[in-house]
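*Asks:* Quick one: the structure is below, and I'll ask about it shortly.
The values are calculated or read from the model by the stated rules, or taken from the named source; none is laboratory data. In this text, all values refer to a predicted model and were calculated from it rather than measured experimentally. Note: ideal-geometry Cβ built from the backbone for every residue, glycine included; neighbour counts use all protein chains shown. The protein model used for the area step is the full one, side chains on, heavy atoms only, and it has no ligands, DNA or RNA in it. Shrake-Rupley method; radii C 1.70, N 1.55, O 1.52, S 1.80 Å.
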Amino acid sequence: MRLFLAFFTFAISLGTLAQDTYPAKTVRVIAPAAPGGNPDVLGRMLGARLADMFGKPFVVENVPGAGGVVAAELLAHAALLGDSGNLAINPVLQPKLNYSPLRDFAFITALAALPTIMVAPASLPANSLAEFVAAAKAKPGALSYGSAGTGSIHHLTMAVFASRAGIEMLHVPYKGGSAMVTAVLAGEVQAGWSGIPNVLPHIRSGRLKAFAISTPRRSPSAPEVPTAAEQGFPGFDIATVIGLQARAGTPPGVIARLQAAVAKIVREPAFAERMTALGMELREDGTENYHRFMREDLARYAAAVKQTGVKGE
């Protein structure tokens, strides 16, 4: 199964939307996450370079809350504010949202994908993905896994994997990815999928076992971790995708200028190296491809939720 989740995104308040004078003043870059997270760090890196290129400030504003819903509703229902929130997850798990991604947002470009790694505590007897699956099959429901919360990328990745592997596990939601990793380290749960930066030091120190990465290619950040596809799960491909969008109705010329600027920035060696250090993989491939990707991803995600039975809170 190929499933990308546009889980964190940025959106921009474009101010005056004249194509030939954009930007005429400060641009707000709204990151639907707390300071220090990957969306926040990437947003500040990008904002600094966009300011250099356009000669106007690009100021990042953190608007966390409700999995990106709070920030997304700013774009959909307040003039000239922008944030796509959680584009693929919330519309399926929360059908009564006050916004529709394909109706209310103008997609500028994808930026990066963030794969996750399936980890287990060092004390777990299983030493490979195959051994873990065998243990889970031997005692259905006996093994537990943690997540950053119900409906999070960690929850959804394991739900899809368990469905593919034919295993039953107990889901234990925590309040955030860091809390989940702490629980795995302590052996409170037997597994979990996590972003690379949160677990790589523990993998290399021997405190965690790494069973698989969630994308079809090994990550440059953790080349020693095999893919799920290498281990008998062909087509397993799940990643958080970070992208940039504006309010629907933004002039095409403004979209094109921003897309071209971002395409240049994310391929700069220093910027690309920083993305790799954060466990990100470049996904910038233009506005048209990003819009098509989002349409396809919404359909794929709806199918995945139906298949796994994941419910929203």
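*Asks:* Inspect all residues belonging to the stretch 262-270 and state whether any of them is under 25 Å from V181 (Cβ atoms) and either over 18 Å from the mean Cα position of the chain (by Cα) or open to solvent by less than 10 Å² (accessible area, probe 1.4 Å) (or both).
*Replies:* Within the stretch 262-270 (the criterion being under 25 Å from V181 (Cβ atoms) and either over 18 Å from the mean Cα position of the chain (by Cα) or open to solvent by less than 10 Å² (accessible area, probe 1.4 Å) (or both)), the answer is no, since none of the residues qualifies.
Listed here are the residues, each with its yes/no results for (1) assigned to a loop (DSSP other than H, G, I, E, B); (2) of a type in the set (F, W, Y); (3) open to solvent by 40 Å² or more (accessible area, probe 1.4 Å).
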site	(1), (2), (3)
A212	no, no, no
T215	yes, no, no
R218	yes, no, yes
E224	yes, no, yes
E230	no, no, yes
F233	yes, yes, no
I242	no, no, no
A246	no, no, no
G249	yes, no, yes
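*Asks:* List pairs: first residue in the stretch 245-261 and more than 21 Å from R283 (Cα to Cα), second residue surrounded by fewer than 18 Cβ atoms within 10 Å (Cβ to Cβ) anywhere in the structure, Cβ distance under 6 angstrom, at least six positions apart or on different chains.
*Replies:* What qualifies is P251/L17; P251/Q19; G253/Q19.
*Asks:* For the stretch 138-185, give me the residue count where each residue is in contact with a strand residue (DSSP E or B) (Cβ under 6 Å, 6 or more places away or on another chain), among the hydroxyl-bearing types (S, T, Y) and either assigned to a loop (DSSP other than H, G, I, E, B) or in contact (Cβ under 8 Å) with a residue 60 or more places away in the chain (or both).
*Replies:* Summing the residues that are in contact with a strand residue (DSSP E or B) (Cβ under 6 Å, 6 or more places away or on another chain), among the hydroxyl-bearing types (S, T, Y) and either assigned to a loop (DSSP other than H, G, I, E, B) or in contact (Cβ under 8 Å) with a residue 60 or more places away in the chain (or both) in the stretch 138-185 gives 3.
*Asks:* Conditions first: (1) in contact with a strand residue (DSSP E or B) (Cβ under 9 Å, 6 or more places away or on another chain); (2) more than 26 Å from S194 (Cβ to Cβ); (3) open to solvent by 20 Å² or more (accessible area, probe 1.4 Å). E281 passes all but one, so which condition is the exception?
*Replies:* For E281, the failing item is (2).
*Asks:* What single numbered condition from (1) modelled with pLDDT under 95; (2) surrounded by fewer than 21 Cβ atoms within 10 Å (Cβ to Cβ); (3) assigned to a loop (DSSP other than H, G, I, E, B) fails to hold for E188?
*Replies:* Of the numbered conditions (1) modelled with pLDDT under 95; (2) surrounded by fewer than 21 Cβ atoms within 10 Å (Cβ to Cβ); (3) assigned to a loop (DSSP other than H, G, I, E, B), the odd one out for E188 is (1).
*Asks:* While we're looking at this one, here's another question. Being in a strand (DSSP E or B), in contact with a helix residue (DSSP H, G or I) (Cβ under 9 Å, 6 or more places away or on another chain) and modelled with pLDDT of 95 or more is true for just one of V119, V133. Which residue is that?
*Replies:* V119
*Asks:* Another one. What is the residue count in the stretch 28-39 for residues that are at pLDDT 70 or above and under 19 Å from A246 (Cβ atoms)?
*Replies:* Looking only at that region, the number is 5.
*Asks:* Under 6 Å by Cβ, and 6 or more places apart or on different chains, what pairs join a residue from the stretch 213-239 that is at positive phi with one that is at pLDDT 95 or above?
*Replies:* none
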